[in-house]
Structure formats: structure tokens, C-alpha cells
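Written out below as C-alpha cells is the structure these notes cover.
The values are calculated or read from the model by the stated rules, or taken from the named source; none is laboratory data. These figures come from a predicted structure and were not determined experimentally. Ideal geometry is used to build each Cβ from the backbone, glycine not excepted, and the neighbour counts take in all protein chains shown. Protein only, heavy atoms only, side chains kept; ligands, DNA and RNA dropped before computing areas. Shrake-Rupley method; radii C 1.70, N 1.55, O 1.52, S 1.80 Å.
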Protein chains: 2
Amino acid sequence: MKVRLVTNILEANDRIAEQNKKIFKEAGVFVINIMSAPGAGKTTLIEKTIQALKDKIKIGVIEGDIAGTDDAQRIENLGVPVVQINTGGACHLDANMIHEVMSDLPLKELDLVIIENVGNLVCPAEFKVGEDMKAMLLSIAEGDDKPLKYPLMFQESSALILNKIDLLPYTNANLDKIKKDSLSLNRNLKIFEVSCKTGEGLSNWTNWLQSLVKKHKRFIL
Amino acid sequence: MKVRLVTNILEANDRIAEQNKKIFKEAGVFVINIMSAPGAGKTTLIEKTIQALKDKIKIGVIEGDIAGTDDAQRIENLGVPVVQINTGGACHLDANMIHEVMSDLPLKELDLVIIENVGNLVCPAEFKVGEDMKAMLLSIAEGDDKPLKYPLMFQESSALILNKIDLLPYTNANLDKIKKDSLSLNRNLKIFEVSCKTGEGLSNWTNWLQSLVKKHKRFIL
């Protein structure tokens with residue numbers, strides 16, 4: 001596992017993101033940027049996704065955190081290549097951080113790179129990193145008012161994974177309101193209801209992701 | 001240098017924060033800046049705090065959100081003066097935003113101003129706004145790894161309110177780990193365990209806050 005402290009913030013983020021995208025494409029990998037508030041369950045979703053798909057496609061992971069290597073350690077335990085970025089205070093990943101660490105992964109051997117962004121519902125949505133797709137998690141324990149309060153992330157994401165639905169009976173969250181408000185912001189949003197704890201709904205997500213990786217492979221080859 | 005730019009922004013912010021603090025002090029109000037990840041329950045805690053204290057002390061609220069006025073509406077329904085700041089994309093409140101709206105509150109009639117920051121565990125901890133005290137909420141549904149992953153917020157806060165403890169039987173979160181790791185970052189942190197849903201533990205928090213407001217009043221008069 002490599003731990004990199006990335007401190008410099010690049011002005012032309014989108015230009016670097018385009019370079020990253022080109023490098024990922026030439027290597028034949030599909031790249032997904034996963035975003036959420038802190039504690040929505042990104043790392044656990046990535047663990048479950050790897051467990052479901054690792055015999056079918058080759059996966060690498062880039063972990064983004066303010067500090068610490070807990071998440072990368074959890075991924076490494078599953079036997080997939082992983083790089084940890086410590087942003088040293090920055091509340092999001094940017095294209096330059098990804099550019100600096102992408103060659104630490106064996107890109108040409110991979111089909112899918114999963115980037116786990118810093119836990120934050122705001123800035124990660126503003127910074128492209130060279131991904132093919134953004135996906136966001138929302139824990140239903142966060143309540144049902146998030147789409148209208150953090151609209152950009154819902155607009156920028158292709159998939160919304162509603163996690164911790166096992167907690168639904170113990171919260172006041174209205175799942176229909178979350179879905180309705182999310183679709184009003186982004187009518188193309190693909191919505192999944194899952195519990196990473198019980199496993200409910202996860203195969204819908206992993207099957208869909210696998211089909212995207214395969215489609216991407218056919219498209220670029 | 002880009003790092004210098006960030007330093008300058010923070011320095012400029014801190015100067016305005018000092019001005020705000022002076023204005024609040026001259027008006028005789030105690031100011032608390034409440035921070036958390038999205039959906040930890042800041043607005044609900046503020047509602048419960050107002051309900052518990054509004055016959056004892058005079059409270060005003062400044063609401064910070066990326067977009068929308070839902071939170072300010074909820075506070076206004078309780079009959080206390082409230083101002084909504086929409087940051088238009090910024091992931092935190094800064095001193096200048098507070099400076100611009102503070103005169104919209106009847107400061108001289110108030111004992112306590114509660115500022116609800118944007119839901120984000122990162123940048124709000126870096127930007128002083130002129131508060132006397134920072135407090136943070138952590139929903140136990142976010143898991144027990146947050147202190148070590150978002151250390152600055154735990155270091156900057158005087159109080160940590162562990163919310164949604166009614167969900168504890170349904171999660172894997174280890175409350176002792178949260179408390180131990182939080183105190184290792186900030187041994188002076190005052191920790192409260194509450195459920196805004198059931199009301200459990202709330203009076204410990206509101207009694208403590210009320211005593212701080214009274215102490216502050218005696219100190220500045």
C-alpha cells in the first residue's frame with residue numbers, strides 16, 4: 001500500500017482531468033468516482049462490490065481521505081491493488097491528485113478503477129478527476145432533505161445508491177421523497193436501494209456496474 | 001504560491017472573524033457555531049435546544065446552507081429570529097458571510113446566537129466566523145471511524161454531541177471507540193450522548209449550554 005500526501009492544488013483541474021481520462025481510456029479501464037457524506041458507507045460498498053465482482057473483472061482502488069489509511073487497509077485485505085491519497089486538509093479529490101498516483105496502479109491489467117472521494121456532499125461534485133462516471137451514496141439515516149440541500153451532487157451523479165435501508169423502520173426518512181426530489185434534479189439518475197449490512201439490493205448495483213464495464217470495454221476496443 | 005494563497009484567505013477570514021466577535025461581544029450575545037456532516041441532525045438539535053431554552057434565554061439563529069430555506073423555515077416556526085445564508089456552492093460558512101447578515105438579527109435583544117454551518121466535516125473547522133465556541137454533532141449512524149478521519153473538527157470543537165443513539169442497537173458503531181478516539185484528539189472535549197428523536201440526553205446538553213450563556217453574560221457585563 002502506498003500513502004501519498006498530495007498538497008498542491010491545480011488551477012486547470014478540468015484540463016488535467018481530461019489527460020487522466022485519456023490515460024485511463026488508453027489502458028482500457030472504466031473509472032468510477034464514488035462520493036457521499038462522511039459515514040454513508042462508501043468503503044463498505046466498495047468492499048461488497050469487490051467481493052461480488054473480483055472473479056469476473058479486475059479491480060483497482062484509489063482511496064481519498066483527509067488523513068489515515070484505514071480505508072486502504074480494508075481494501076488491501078481483499079487482495080486488490082490500492083493507493084491511498086491523504087489530501088492533508090483538502091475536502092475533495094482533484095484531478096492533479098489522481099494524476100500523481102494513477103501510475104501506482106497496474107492500469108493495463110485492470111478493467112475497473114474505483115475512486116473513493118473524501119466524505120463531503122459539496123466540493124467533490126465540483127472537481128472532475130478523469131472519471132467515466134460519478135456515483136453517490138446517501139445513507140437514509142441522513143434524512144430525506146439532502147437532494148434539495150446539496151443539488152449539484154445529485155445532478156452530477158449517474159447513479160444514486162441509497163444505503164442503510166435496513167435502518168428505514170427506525171428513522172423518519174421518506175424514501176419516496178428522496179427518490180422524487182433526486183429525479184427532479186436529474187431525471188436520468190439510476191437509483192439503487194441497498195443495505196451493505198444485510199446485502200439487500202446489492203446485486204442490482206453490482207450487476208449494473210459490471211454491465212457498464214463490459215460495454216465500455218467493447219466500446220474502446 | 002498556491003499554499004500561500006490559502007494561508008492569505010484564512011488570515012483575511014480570521015481578521016473579519018475577530019471583528020464579528022467584537023460586535024457580538026458588545027451586543028452581549030454568546031455565539032455557538034454548530035458543525036457536522038450532512039444529515040447528522042443539526043437543525044433538529046437546534047429546534048430541540050430552542051424548545052428547551054426559549055423561555056429562559058433569548059435565542060437567534062443563522063442558518064447556513066448551499067441552497068434552500070427549509071432549515072430557516074423550521075426555526076422560524078418556533079418564533080425565534082432567524083437569517084438564512086445560501087452559500088451558492090461554498091461548502092462552509094466564512095466570517096464575511098456572517099458579517100454581512102449579523103445585523104439582520106436583533107443582537108442587543110439576544111443572549112445566544114446559534115450558527116448552523118453547512119453540512120461538511122472538513123472546511124467548516126478551518127474557518128472561524130466570530131463564534132465563542134464551536135460544537136459538532138456526529139450521528140452514530142456515520143460509524144465509529146470519523147474522529148481519526150476528520151481530526152481537525154474534533155480538535156476545534158469544545159463539545160461533541162453524539163446524536164441518534166436510539167439507532168445504536170441497529171448499527172455496528174462502537175460508542176466507546178468514538179469517545180476514546182475523540183478524547184485522544186482533544187482531551188478537553190465535552191461529550192454528550194443524545195437522541196433528538198426520543199429526547200434522551202438532551203437536557204444534559206441544554207443545561208450545559210444555558211450555563212455557558214449565563215457565565216458569558218456575567219463575564220462581559
Considering only region B:98-111, state which residues are crowded, with 18+ Cβ neighbours inside 10 Å and closer than 14 Å to residue B:17 by Cα. B:98, B:102
Check region B:77-97 and report whether any residue there is within 11 Å of chain A (Cβ to nearest Cβ), buried (at least 18 other Cβ atoms within 10 Å of the Cβ), part of a loop (DSSP other than H, G, I, E, B) and at pLDDT 95 or above. no
Selection from region B:176-185 of residues that are surrounded by fewer than 18 Cβ atoms within 10 Å (Cβ to Cβ) and either more than 14 Å from every other protein chain (Cβ to nearest Cβ) or touching a residue at least 40 places away in the same chain (Cβ under 8 Å) (or both): B:176, B:179, B:180, B:183
Given (1) among the basic types (Lys, Arg); (2) more than 16 Å from residue A:21 (Cα to Cα); (3) more than 12 Å from chain B (Cβ to nearest Cβ), index of the condition residue A:74 fails: (3)
What number of residues within region A:129-142 are over 12 Å from the mean Cα position of the chain (by Cα) and either over 25 Å from residue A:199 (Cα atoms) or at pLDDT below 95 (or both)? 1
Only one of A:73, A:51 that is open to solvent by 20 Å² or more (accessible area, probe 1.4 Å) and touching a strand residue (DSSP E or B) at 6+ places or on another chain (Cβ under 9 Å): A:73
Scan (1) within 14 Å of chain A (Cβ to nearest Cβ); (2) over 17 Å from the mean Cα position of the chain (by Cα) for the single condition residue B:106 breaks and write down its number. (1)
In region B:186-211, how many residues are open to solvent by 30 Å² or more (accessible area, probe 1.4 Å) and not in a strand (DSSP E or B)? 11
Would you pick out the residues in region B:19-47 that are more than 14 Å from chain A (Cβ to nearest Cβ), in a helix (DSSP H, G or I) and open to solvent by 10 Å² or more (accessible area, probe 1.4 Å)? B:19, B:21, B:22, B:23, B:25, B:26, B:27
Can you tell me which residue within region A:121-167, out of those that are hydroxyl-bearing (Ser, Thr, Tyr) and part of a loop (DSSP other than H, G, I, E, B), is farthest from the other protein chains (Cβ to nearest Cβ)? A:158
The conditions are (1) within 14 Å of chain B (Cβ to nearest Cβ); (2) open to solvent by 20 Å² or more (accessible area, probe 1.4 Å); (3) modelled with pLDDT of 95 or more, and residue A:67 fails exactly one of them. Which is it? (3)
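Results for (1) β-branched (Val, Ile, Thr); (2) within 14 Å of the chain's Cα centre (by Cα), shown as yes or no for each residue.
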residue: A:16; (1), (2): yes, no
residue: A:22; (1), (2): no, no
residue: A:31; (1), (2): yes, yes
residue: A:60; (1), (2): no, yes
Look at region A:125-152 and say how many of its residues are touching a Lys or Arg at 6+ places or on another chain (Cβ under 8 Å) and open to solvent by less than 20 Å² (accessible area, probe 1.4 Å). 8
Condition check: among the β-branched types (Val, Ile, Thr), open to solvent by less than 40 Å² (accessible area, probe 1.4 Å) and at pLDDT 95 or above. Does residue A:57 satisfy that? yes
